Amino acid sequence: MFRFFSTVLMLAALLAGTNAALAASQNNEYHFTVKPGDSLSKYFYKTGLSSRLLANLLSASRQNQRLNYLKIGEKIIIKLHANKHFKSLSHLSRNQAIFNVSLVDNRFFNSSKKPQKHTRALSTTQVTINRSFGYDAQKAGLSLSTISAVVEALSWGLNFNSDLRKGDRFFIVSDGSKNPAGIIYKSANKRIEAFSYQTVRGRNKYYDRHGYTLNASFLKAPLKYKRISSKFQLKRFHPILKTYRPHRAVDYAADYGTPVHSTADGIVKFKNYKGALGKVIILQHGANYTTVYAHLSSYARSLHKGRAVKKGQIIGYVGSTGRSTGNHLHYELRHKGERKNPLTHKLPKQQKISADELGRFRAQVNEILDSL
């Protein structure tokens, strides 16, 4: 009896496998998503098609030759006849345009279809400043997570504590995603835009309308120096206090009066005398980074607390104020309040959307701007 049931089960498994194989052969449609290193020859090989057929397809027209240059994220669909001979190839670009190549009576024929415009359901919440952004945004119905996303996105160019004035407006555009699809800030003399975009690699960031991230890159050093007199270290013998103490900064030895530059776009958070550090400038860069410039001899005339500065802008001059044994710049880098080694910490860089994706990004930007 046991042998009988075993035989029945084996027959059922064989029939199921046969049915699955028949379903696959009847379908004869193969889908590929382009990954790094992929090519049409790889896909032809996987579907059992010859390299000679591929050469004939590519040489049939100039349009077909575009298939030599596949881009990551695009899709290829190859269809075969029941006898496994080539039937057609479809190329789907990332903007959803479709290019087809069919083989009929030993001749290749092309056709193309432009992408259809799919309008997203966009909604806009306007926040008009009366008291503060946090208060007025909550009053307008925005969640705390959305408020946090707006502050982080715009903080490289906007000081939410000192820049906002009564009557300034924020337009928060949502497409149903977790974070806003678009953020536009308008004041009497300033406008900042941020548009969310997910790249082919799945990274979601905010960009300006030209496709650049809102954060700035950092300079390698804030001045032209002679040498590094003291590196970032957890135990250093202090030349004045005569004891071992942490030194969570980099000291750049330079001549008196050497110009000191802001290492990135930012906002002046502090400008004053600060005990052992002497004359100090502290800059805020976005929501997470601050830099400290100490022992200065003087400040740049145009520098004031709350004012924006650009990367490379002169903010002060080397000196030896405070607890110092000679002319040098004491430079600190802080990430979320924690001091990091400026020589080794991986700093954010301004990025740009690739040329391949720029068209799709601009279409999204125009869609958002048209909805306002």
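The values are calculated or read from the model by the stated rules, or taken from the named source; none is laboratory data. Since the model is a prediction, treat every value here as computed from it, not as a measurement. Using ideal geometry, Cβ is built from the backbone for each residue, glycine included, and neighbour counts are taken over all protein chains shown. Calculation scope for accessible area: heavy atoms of the full protein, side chains included, ligands and nucleic acids excluded. Shrake-Rupley method; radii C 1.70, N 1.55, O 1.52, S 1.80 Å.
Pull up segment 130-157, narrow it to residues that are part of a loop (DSSP other than H, G, I, E, B) and touching a residue at least 40 places away in the same chain (Cβ under 8 Å), then point me to the one that is surrounded by the most Cβ atoms within 10 Å (Cβ to Cβ).
Once the filter is applied, the top-ranked residue is Trp156.
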### Query
Going by the conditions given, is Tyr30 open to solvent by 60 Å² or more (accessible area, probe 1.4 Å), under 22 Å from Arg94 (Cβ atoms) and either at pLDDT 90 or above or in a strand (DSSP E or B) (or both)?
yes
### Message
What pairs come out if I take residues in segment 38-63 that are more than 20 Å from His81 (Cβ to Cβ) and pair them with residues that are in a helix (DSSP H, G or I) and open to solvent by 70 Å² or more (accessible area, probe 1.4 Å) whose C-beta lies under 6 Å away, six or more apart or interchain?
### Response
Leu58/Gln65
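Within segment 64-84, which residues are out of contact with any Pro (no Cβ under 7 Å at 6 or more places or on another chain), open to solvent by 60 Å² or more (accessible area, probe 1.4 Å) and in contact (Cβ under 8 Å) with a residue 24 or more places away in the chain?
Of the residues in segment 64-84, the ones out of contact with any Pro (no Cβ under 7 Å at 6 or more places or on another chain) are 64-71, 73-84.
Those still in the list that are open to solvent by 60 Å² or more (accessible area, probe 1.4 Å) too: 65-66, 68-69, 71, 75, 79, 81-84.
Scanning segment 64-84 gives Arg66, Asn68, Lys71, Lys75, Lys79, His81, Ala82, Lys84.
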### Query
Out of segment 215-227, which residues are open to solvent by less than 50 Å² (accessible area, probe 1.4 Å), modelled with pLDDT of 90 or more and among the aliphatic types (A, V, I, L, M)?
Ala221, Leu223
#### Entry: Flag if Ser90 is without any contact (Cβ under 8 Å) to a residue 24 or more places away in the chain and either assigned to a loop (DSSP other than H, G, I, E, B) or open to solvent by less than 40 Å² (accessible area, probe 1.4 Å) (or both)
yes
#### Entry: Residue within segment 56-74 that is farther than 26 Å from Arg362 by Cβ, in contact with a Lys or Arg (Cβ under 9 Å, 6 or more places away or on another chain) and in a strand (DSSP E or B) present
no
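Does Ile314 satisfy the condition of being farther than 30 Å from Ala149 by Cα and under 32 Å from the mean Cα position of the chain (by Cα)? I'd like the intermediate steps shown before the answer.
Numbers: farther than 30 Å from Ala149 by Cα: yes; under 32 Å from the mean Cα position of the chain (by Cα): yes.
Spelling it out, Ile314 is indeed farther than 30 Å from Ala149 by Cα and under 32 Å from the mean Cα position of the chain (by Cα).
Considering only residues that are assigned to a loop (DSSP other than H, G, I, E, B) and either within 18 Å of Gly359 (Cβ to Cβ) or of a type in the set (A, V, I, L, M) (or both), which ones fall in segment 204-229? Break it down stepwise before answering.
Start the filter on segment 204-229 by keeping residues that are assigned to a loop (DSSP other than H, G, I, E, B), which leaves 208-211, 214-226.
Hits for segment 204-229 are Asp208, Arg209, His210, Gly211, Leu214, Ala216, Leu219, Ala221, Leu223.
Which of the residues that make up segment 313-346 are among the small types (Gly, Ala, Ser) and surrounded by 14 or more Cβ atoms within 10 Å (Cβ to Cβ)? Don't jump to the end; show me each part of the working.
Step one: filter segment 313-346 for residues among the small types (Gly, Ala, Ser), giving 316, 319-320, 322, 324, 326, 337.
If the condition is that a residue be among the small types (Gly, Ala, Ser) and surrounded by 14 or more Cβ atoms within 10 Å (Cβ to Cβ), then Gly316, Gly319, Ser320, Gly322, Ser324 are the ones that fit.
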### Query
If the Cβ limit is 7 Å and pairs must be 6+ apart or interchain, which residue in segment 351-372 that is in contact (Cβ under 8 Å) with a residue 24 or more places away in the chain pairs with which residue that is open to solvent by 80 Å² or more (accessible area, probe 1.4 Å) and among the charged types (D, E, K, R)?
Val365/Arg209
### Task
Would you please list the contacts, defined by Cβ atoms under 7 Å and residues six or more apart or on different chains, that run from a residue in segment 175-200 that is of a type in the set (Asp, Glu) and modelled with pLDDT of 95 or more to a residue that is open to solvent by 50 Å² or more (accessible area, probe 1.4 Å) and not in a strand (DSSP E or B)?
Glu193/Arg209
### Task
Filter segment 180-201 down to the residues that are in contact with a strand residue (DSSP E or B) (Cβ under 6 Å, 6 or more places away or on another chain) and open to solvent by 50 Å² or more (accessible area, probe 1.4 Å), then identify the one that is farthest from Leu372 (Cα to Cα).
Gln198
### Query
When Ile281 is evaluated against the numbered criteria (1) crowded, with 20+ Cβ neighbours inside 10 Å; (2) modelled with pLDDT under 95, which criterion, by number, is the only one it fails?
(2)
### Task
Filter segment 319-356 down to residues that are touching a Phe, Trp or Tyr at 6+ places or on another chain (Cβ under 9 Å) and part of a strand (DSSP E or B), then give me how many there are.
12
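Hey, can you tell me all the residues within segment 282-301 that are within 29 Å of the chain's Cα centre (by Cα), assigned to a strand (DSSP E or B) and of a type in the set (A, V, I, L, M, F, W, C)?
Residues of segment 282-301 within 29 Å of the chain's Cα centre (by Cα): 282-293.
Those left that are additionally assigned to a strand (DSSP E or B): 282-285, 289-293.
Ile282, Leu283, Val292, listed by residue number.
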### Message
I need a count of the residues in segment 286-312 that are open to solvent by less than 30 Å² (accessible area, probe 1.4 Å), touching a Ser or Thr at 6+ places or on another chain (Cβ under 7 Å) and within 19 Å of Ile267 (Cα to Cα).
### Response
5
